[in-house]
Amino acid sequence: MCCVLQLKAYATLGLLRLLLFSSGSVFMMEITKRGLVLGATAAVLSTVAVTGAGIHLSQSQAFFQDSPKELIDEVWQIVDRNYVDGTFNQVDWKAIRQEYLSRNYANKQEAYKAVREMLEKLNDPYTRFMDPEEFKNMQVETSGELTGVGIQLALDEETKKLVVIAPIEGTPAAKAGVLAKDVITKIDGKPTEGMDVNDAVGLIRGQAGTEVTLTIKRGSAEKVFKLKRERIEIHPVRFSVKQDIPGQKTGYIRLNQFSANAAAEMRAAIQDLEKQGVTGYVLDLRSNPGGLLYASVDIARMWLKDGGIVSTVDRQGVSDRQKANNRQLTDKPLVVLVDGGSASASEILSGALQDNKRAVLVGTKTFGKGLVQSVRGLGDGSGLAVTIAKYFTPSGRDINHAGIAPDVVIELSDAQRQELSRNRDEIGTAKDPQYAKGIEVLQQQIARRNSGGGNSAASR
């Protein structure tokens, strides 16, 4: 998930597209071989900004006049000043400017097409142009209310296929059984081969109450889902008290995305669970594509008393470091659940907790989005997401493409994934193998703490 919105956490999904919902909002996510990116959502969560973890949204100072070339030059100038790689990924960026300004454009649509072509030469899926409607949608999405089917989508970097990063809980896609890593081959019968995420989002989203048919390839099988679009209000945090450890209360918190209200909802959840006397926590970041950078930093501070959280480095080598501020809400044992759908801001948070030995990570390797995008409004109402920095965990790890390896690895079989998809109520229960392992690890942490062994996740 991208005002300056740091979306560093969305593997923007970078960022990839979150598809589905919004009548117009796009949050971006990144998706790689493993699948998640912070990027767009079809209702998309578009890469709005930032980076894997964060979105950076700022208003352009340039003024778009009637000439389409003004827009092209405005985009070129922003990239020229801010792009993370001073070589522009070995592209002669000055020659690109000359080429595209030498052309004549009859209207804005031709200019928009030219801008997209120009940016494609960077070979960076996270640096992207949004026309006024797409940009407006992206802004809407950060509000947490969307219209669509609730799918997070991305274009796989290797296969160039449209891949589901994850369905949003409680949405039509999730209820119908759409799964992470499903490949969307057709939308209302239209093949998606060669289709970019924006075009896919345009076909998937629509008015509440209308239907869209998605043809999906899952392994060698083909499945057809007829989904009714809905108005979706997204609450990023769900929490409850569990009693899976004999004689102990466990606080279970599921964070679905790092939206604008994520930090406030997380604070309220922790405070409520503390009042109920829980002895430890399971924080579930599985299939969380990321979102706003500042949200990931704020949430990390709720769990950390001191220590680093994340550092970002731009092309000049300027580093910005975010640290804990002695305002943690609890020091009780913590287990964090992650998987290949945990991207961007999720990786910032889990990396900070792991490096500071504050939590034990359980599950599978995370997505691997370590880039930051800045989202800027342009003079004509369109928008531009530009990769402006890399981010590193407190220990200096560059997790881009590499992801974060959990401390305790536990894979789900295809059958287990499908079972949890069909029965969403089993997520975060004993029937959820990763959660069950997390409870086992948490019990060990609580026992160690009670015996005087401390609360360091280092002694596992």
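The values are calculated or read from the model by the stated rules, or taken from the named source; none is laboratory data. Bear in mind the structure is a predicted one, so any value in this text is a computation, not a measurement. Methodologically, a virtual Cβ is constructed for each residue, glycine included, from the backbone with ideal geometry; neighbour enumeration extends over all protein chains shown.
Determine whether the range 402-417 contains at least one residue that is farther than 30 Å from Ala114 by Cα, out of contact with any strand residue (DSSP E or B) (no Cβ under 8 Å at 6 or more places or on another chain), surrounded by 15 or more Cβ atoms within 10 Å (Cβ to Cβ) and modelled with pLDDT under 90. Yes, the conditions are met somewhere in the range 402-417. Please state which of the following conditions Asp320 fails to meet, knowing it meets all the rest: (1) more than 25 Å from Asp85 (Cβ to Cβ); (2) surrounded by fewer than 17 Cβ atoms within 10 Å (Cβ to Cβ). Condition (1) is where Asp320 drops out.
Mind checking which residues of the range 305-323 are more than 22 Å from the chain's Cα centre (by Cα) and closer than 20 Å to Asp407 by Cβ? Give the derivation first.
First pass over the range 305-323, keeping only residues more than 22 Å from the chain's Cα centre (by Cα): 305-307, 315-319.
Once the filter is applied, which keeps residues that are more than 22 Å from the chain's Cα centre (by Cα) and closer than 20 Å to Asp407 by Cβ, the range 305-323 yields only Gly307.
Would a scan of the range 259-267 turn up a residue that is of a type in the set (A, V, I, L, M), buried (at least 17 other Cβ atoms within 10 Å of the Cβ), touching a Gly at 6+ places or on another chain (Cβ under 6 Å) and more than 14 Å from Ile348 (Cα to Cα)? Scanning the range 259-267 turns up no residue that is of a type in the set (A, V, I, L, M), buried (at least 17 other Cβ atoms within 10 Å of the Cβ), touching a Gly at 6+ places or on another chain (Cβ under 6 Å) and more than 14 Å from Ile348 (Cα to Cα).
Of the helices (runs of 4 or more DSSP H) lying entirely inside the range 89-168, the ones with 1 or more residues being closer than 14 Å to Ala385 by Cβ are found at 108-120, 132-141. Apart from one condition, Thr215 fits all of (1) within 17 Å of Thr147 (Cα to Cα); (2) at pLDDT 90 or above; (3) in a strand (DSSP E or B); (4) out of contact with any helix residue (DSSP H, G or I) (no Cβ under 8 Å at 6 or more places or on another chain); the exception is (1).
Residue by residue, here is whether (1) more than 30 Å from Glu169 (Cα to Cα); (2) β-branched (Val, Ile, Thr); (3) out of contact with any Asp or Glu (no Cβ under 6 Å at 6 or more places or on another chain) holds:
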| position | (1), (2), (3) |
| --- | --- |
| Gln322 | yes, no, yes |
| Lys332 | no, no, yes |
| Val336 | no, yes, yes |
| Ser342 | no, no, yes |
| Gln354 | no, no, yes |
| Ala359 | no, no, yes |
| Val362 | no, yes, yes |
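Just a yes or no: is a residue in the range 213-229 closer than 30 Å to Gln445 by Cα and in contact with a Lys or Arg (Cβ under 6 Å, 6 or more places away or on another chain)?
Here is the first cut: in the range 213-229, the ones closer than 30 Å to Gln445 by Cα are none.
Within the range 213-229, not a single residue is closer than 30 Å to Gln445 by Cα and in contact with a Lys or Arg (Cβ under 6 Å, 6 or more places away or on another chain).
Whether any residue in the range 268-283 is of a type in the set (Gly, Ala, Ser) and under 23 Å from Lys369 (Cα atoms) is what I want to check. No - not one qualifying residue is present in the range 268-283. Among the residues here, Asp244 qualifies as over 19 Å from the mean Cα position of the chain (by Cα) and either among the β-branched types (Val, Ile, Thr) or within 30 Å of Leu329 (Cβ to Cβ) (or both).
Considering the range 445-460, the residues that are surrounded by fewer than 16 Cβ atoms within 10 Å (Cβ to Cβ) and in a helix (DSSP H, G or I) include one that is modelled with the highest pLDDT, namely Ala447. For beta carbons closer than 9 Å, sequence separation of 6+ or different chains, a first residue in the range 389-412 that is in a strand (DSSP E or B) and a second that is of a type in the set (Asp, Glu), the qualifying pairs are Ala389/Asp314; Ala389/Asp320; Lys390/Asp314; Lys390/Asp398; Tyr391/Glu347; Tyr391/Asp398; Phe392/Asp398; Val408/Glu440.
Only one residue in Phe367, Phe392 is within 15 Å of the chain's Cα centre (by Cα) and within 22 Å of Asn288 (Cβ to Cβ), so which one is that? The conditions single out Phe367.
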